[in-house]
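J.: My questions will all concern the structure given below.
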Amino acid sequence: MTSNKVPVEKRQRAQELHEILQRANYQYYVLDAPELPDAEYDRRMRELQDLEAEYPELVSADSPTQRVGAAPLTEFAEVRHQIPMLSLDNAFDDDELREFDRRVRDRLNNPDAVEYACEPKLDGIAISLLYRDGVLERAATRGDGTTGEDITQNVRTIGSVPLRLREQNVPAVLEVRGEIYMPKAGFAELNEKAREAGEKIFVNPRNAAAGSLRQLDSRVTARRPLELCAYGVGQVEGAELPEQHTAILEQLNRWGFRINKEMLVANDIDACIEYHQRLGEKREGLPYDIDGIVFKVNSIPLQRRLGFVARAPRWAMAYKFPAQEEMTELLDVEFQVGRTGAVTPVARLKPVFVGGVTVSNATLHNRDEINRLGVKIGDSVVVRRAGDVIPQVVSVVESKRPQNAREIVFPDHCPVCGSPVESTPGEAVARCSGGLICSAQRKQAIKHFASRKAMDIDGLGDKLVDQLVDEGLLHSVSGLYHLTREEVAGLERMGEKSAQNLLDALQRSKDTTLPKFLYALGIREVGEATARNLARHFGDLEPLMQASEEALQEVEDVGPVVAHFVAEFFQQTHAQEEIEALCQAGVHWEPEETGGESQPLAGQTWVLTGKLETLSRSEGKEYLQRLGAKVAGSVSAKTDAVVAGPGAGSKLNKARDLEIPVIDEEQFLEQLRDHGIEI
Ligand code: IVH
């Protein structure tokens with residue numbers, strides 16, 4: 001084969017482009033501080049690809065173009081690890097961790113304390129990366145610890161994996177070990193797209209990472225949001241590494257690897273326990289899944305003295321957090337009817353401890369989800385509960401399906417009122433068509449009306465609403481204001497005193513605001529923010545009730561769908577009668593000031609983080625929104641201010657990095673008072 005001779009200036013240009021692109025990757029993935037705009041990066045990449053196409057000799061293993069994915073393989077080659085990839089022993093409580101520390105100290109002739117490196121245990125896939133003379137030669141999975149699979153082509157596509165080490169004096173051979181994982185946000189986005197496209201969705205970020213790395217076609221891997229975090233070394237030849245684990249990781253960081261920002265050195269086991277506790281509290285807020293903390297004796301000479309047993313080192317221990325996924329049995333499926341008639345299948349489960357609580361119900365979302373899971377009653381299912389998210393059934397263990405497993409039959413009539421259940425084409429939810437005839441919808445409508453952000457009727461809890469409706473004492477929201485003391489006091493578990501308290505609360509709730517009243521009506525797609533925008537735009541209820549869909553679309557954040565729901569709602573005779581009845585009963589509000597002058601924080605975006613003491617977070621949010629600010633859940637360059645209370649973590653750090661003004665609760669209250677809010 002002949003190839004074009006490469007002119008010197010082309011070779012130089014290719015070299016320059018390597019450096020520019022490598023630096024950009026490092027800034028982006030390791031420093032989290034990109035300097036090269038994306039478009040610029042893409043142009044340089046294309047220039048290099050063109051050069052390499054013209055002069056194939058310029059293509060080298062460490063060229064940034066080699067990340068984009070290579071031709072599919074038929075299978076992965078086997079790789080033998082020179083140094084076995086071990087696993088870790090687990091501890092599940094403080095005592096077991098103290099036990100570990102005691103064993104370590106016993107073997108080291110009882111020093112008072114041993115220093116430990118503390119690192120989050122990332123929930124991903126262990127990887128070995130072999131660098132020869134600073135260039136990535138091979139990437140392999142852990143496999144059984146001795147033999148893994150060669151997934152070099154796939155790993156090359158991951159931006160945070162350096163194809164070449166950054167400094168000159170690098171070891172002749174360096175094996176870096178770490179975890180490849182999928183951040184939560186990337187996972188959510190990937191599944192969202194898969195769901196829209198009707199493709200297979202992944203049950204959790206770990207499975208998604210594993211599935212992405214197992215692709216024979218690395219072009220698929222290249223499109224997956226994977227990251228690498230380095231946590232150790234294997235083989236090293238031709239260089240001396242530092243004598244402390246944390247110092248080795250810092251050296252890896254200088255060579256171009258990401259290491260965990262939460263890594264810390266603890267002076268003794270008490271500090272380790274404290275760290276485990278603190279990270280446990282931060283767990284939900286971290287951008288990636290962790291399943292525990294790894295503690296490692298920090299001194300390498302001490303690690304050598306301690307050595308290994310079987311498959312795990314004596315110098316390290318994983319202290320696990322409560323699992324977020326557990327297996328249990330699906331006992332039954334019930335169908336709940338929501339405020340808008342949505343019929344939701346709810347899994348009744350054999351109670352199981354997962355994510356720190358006992359779970360006996362989980363949502364199955366809708367019919368499509370049931371089909372996708374292929375789940376039957378009696379199946380063993382995997383239930384996931386991460387943070388405050390409602391528990392989900394994520395998969396079925398088909399091999400454990402009992403003989404008598406039953407199909408789940410989606411009802412075609414409402415289980416509460418018997419009206420037909422209807423599905424709109426293109427919409428996954430099925431709805432009961434009974435409207436307010438359906439007592440389930442009525443109950444939900446009343447509960448919503450009474451809720452804190454709506455009419456804020458103290459003491460009218462869900463149970464009481466159920467009782468009132470079931471006893472036939474309450475048929476509509478306006479009926480609330482006609483309840484008598486006798487009626488209420490006559491209910492089970494209700495006395496004269498609590499009946500009077502409820503009537504007082506009902507009386508107080510009549511003095512409301514237009515946004516709260518609109519929100520309380522429970523119009524589809526009208527949340528607090530939309531209710532506020534509608535109120536501010538129209539000033540009072542009358543003009544809003546008369547508004548056409550076109551007029552409604554002039555309101556901030558109101559599109560054709562919401563405009564349609566609003567107009568449709570006010571056209572219903574029933575809704576008009578209810579509003580009339582509520583006003584007759586004495587519900588009233590002050591007209592809103594229209595326009596923007598009364599909104600000193602209009603156009604601003606605020607973030608609340610950490611614990612607030614005087615206010616709750618939702619109160620803080622409400623005040624800010626009243627002043628016209630948007631309240632966001634995460635800090636970005638668009639954030640105008642951050643209110644940080646005790647315990648604030650990554651959001652606070654990010655705000656500081658971006659130099660966004662940060663105030664504490666005291667200063668926040670002062671600002672609110674300055675803007676005329678009485679606290
Ligand atoms: S150290 C001999 N550090 O946990 C030391 N492992 O059960 C072995 N893992 O397969 C690993 N985060 O995939 C270490 N900061 C961390 C880790 C970590 C996650 C995984 C790793 C390994 C498994 C051990």
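J.: Any idea which residue in region 52-90 is modelled with the highest pLDDT, counting only those that are farther than 25 Å from TYR29 by Cα, polar (S, T, N, Q) and in a loop (DSSP other than H, G, I, E, B)?
T.: GLN82
J.: OK, next. For region 91-127, what are the residues that are assigned to a helix (DSSP H, G or I), within 16 Å of the ligand (Cβ to nearest atom) and within 27 Å of ARG283 (Cα to Cα)?
T.: GLU96, LEU97, PHE100
J.: So in region 356-384, with the set limited to residues that are at pLDDT 90 or above and farther than 21 Å from LYS200 by Cβ, which one is surrounded by the fewest Cβ atoms within 10 Å (Cβ to Cβ)?
T.: Checking each candidate, the answer is THR358.
J.: Give region 208-241 a look and list any residue that's in a loop (DSSP other than H, G, I, E, B) and either touching a His at 6+ places or on another chain (Cβ under 8 Å) or not polar (S, T, N, Q) (or both), or say none. Before the answer, list the steps.
T.: Taking region 208-241 as the starting set, the residues that turn out to be in a loop (DSSP other than H, G, I, E, B) are 214-217, 223-226, 238-241.
Selection gives ARG214, LEU216, ASP217, ARG223, ARG224, PRO225, LEU226, GLY238, ALA239, GLU240, LEU241.
J.: Only one of ASP38, ASP62, ASP50 is more than 30 Å from the chain's Cα centre (by Cα) and without any contact (Cβ under 8 Å) to a residue 12 or more places away in the chain. Can you tell me which? Give the derivation first.
T.: Working: ASP38 fails: more than 30 Å from the chain's Cα centre (by Cα); ASP62 fails: without any contact (Cβ under 8 Å) to a residue 12 or more places away in the chain.
Going through ASP38, ASP62, ASP50 in turn, just one is more than 30 Å from the chain's Cα centre (by Cα) and without any contact (Cβ under 8 Å) to a residue 12 or more places away in the chain: ASP50.
J.: Now, a different point. Can you name the residue in region 640-659 that is in a loop (DSSP other than H, G, I, E, B) and either small (Gly, Ala, Ser) or crowded, with 18+ Cβ neighbours inside 10 Å (or both) and, of all such residues, is nearest to the chain's Cα centre (by Cα)? Show your work before the answer.
T.: First pass over region 640-659, keeping only residues in a loop (DSSP other than H, G, I, E, B): 640, 645-649, 658-659.
Now restrict to residues that are either small (Gly, Ala, Ser) or crowded, with 18+ Cβ neighbours inside 10 Å (or both): 645, 647-649.
Values: GLY645: 21, GLY647: 19, ALA648: 17, GLY649: 16 Å.
Among those that are in a loop (DSSP other than H, G, I, E, B) and either small (Gly, Ala, Ser) or crowded, with 18+ Cβ neighbours inside 10 Å (or both), it is GLY649.
J.: Can you give me the number of residues within region 164-185 that are modelled with pLDDT of 95 or more and within 31 Å of the chain's Cα centre (by Cα)?
T.: So the answer is 8.
J.: Taking region 92-149, which residues are touching a strand residue (DSSP E or B) at 6+ places or on another chain (Cβ under 9 Å), of a type in the set (Gly, Ala, Ser) and on the phi < 0 side of the Ramachandran plot?
T.: Across region 92-149, the qualifying residues are ALA117, GLY124, ALA126, SER128, ALA139, ALA140, GLY148.
J.: Mind checking whether some residue in region 291-300 is within 13 Å of the ligand (Cβ to nearest atom), within 30 Å of HIS365 (Cα to Cα) and under 25 Å from the mean Cα position of the chain (by Cα)?
T.: Yes: one or more hits.
J.: Still on this structure, please answer the following. Taking region 301-337 only, how many residues are within 11 Å of the ligand (Cβ to nearest atom) and either under 16 Å from LYS121 (Cβ atoms) or crowded, with 18+ Cβ neighbours inside 10 Å (or both)?
T.: Going residue by residue through region 301-337, those that are within 11 Å of the ligand (Cβ to nearest atom) are 303, 308, 311-318, 320.
Now restrict to residues that are either under 16 Å from LYS121 (Cβ atoms) or crowded, with 18+ Cβ neighbours inside 10 Å (or both): 303, 312-313, 315-318, 320.
Within region 301-337, residues that are within 11 Å of the ligand (Cβ to nearest atom) and either under 16 Å from LYS121 (Cβ atoms) or crowded, with 18+ Cβ neighbours inside 10 Å (or both) number 8.
J.: Go through region 164-186 and report how many residues are away from the ligand (no atom under 16 Å from the Cβ) and in contact with a strand residue (DSSP E or B) (Cβ under 9 Å, 6 or more places away or on another chain).
T.: The number of residues fulfilling the criteria is 8.
J.: Kindly evaluate ARG46 against the criterion of being touching a Leu at 6+ places or on another chain (Cβ under 8 Å) and assigned to a helix (DSSP H, G or I). Let's see the steps before the verdict.
T.: Values: touching a Leu at 6+ places or on another chain (Cβ under 8 Å): no; assigned to a helix (DSSP H, G or I): yes.
Here the answer is no, as ARG46 does not meet what is asked.
J.: Could you grab the pairs with beta carbons closer than 7 Å, sequence gap of 6+ or different chains, first residue in region 214-231 and touching a residue at least 24 places away in the same chain (Cβ under 8 Å), second one of a type in the set (A, V, I, L, M, F, W, C) and more than 16 Å from the ligand (Cβ to nearest atom)?
T.: LEU216/LEU73; SER218/ALA70; ALA222/VAL68; ARG224/LEU190; PRO225/LEU190
J.: Does GLU16 meet the test of being away from the ligand (no atom under 16 Å from the Cβ), surrounded by 14 or more Cβ atoms within 10 Å (Cβ to Cβ) and more than 32 Å from the chain's Cα centre (by Cα)? I'd like the intermediate steps shown before the answer.
T.: Working: away from the ligand (no atom under 16 Å from the Cβ): yes; surrounded by 14 or more Cβ atoms within 10 Å (Cβ to Cβ): no; more than 32 Å from the chain's Cα centre (by Cα): yes.
Criteria not met by GLU16.
J.: If I filter region 554-568 for residues that are aromatic (Phe, Trp, Tyr), under 31 Å from the mean Cα position of the chain (by Cα) and not in a loop (DSSP other than H, G, I, E, B), do I get at least one hit? Break it down stepwise before answering.
T.: Step one: of region 554-568, the residues aromatic (Phe, Trp, Tyr) are 565.
Subset that is under 31 Å from the mean Cα position of the chain (by Cα): 565.
Filter once more, keeping what is not in a loop (DSSP other than H, G, I, E, B): 565.
Yes, because at least one residue in region 554-568 is aromatic (Phe, Trp, Tyr), under 31 Å from the mean Cα position of the chain (by Cα) and not in a loop (DSSP other than H, G, I, E, B).
The values are calculated or read from the model by the stated rules, or taken from the named source; none is laboratory data. Since the structure is predicted, the reported quantities are computational estimates derived from the model, not experimental observations. Using ideal geometry, Cβ is built from the backbone for each residue, glycine included, and neighbour counts are taken over all protein chains shown.
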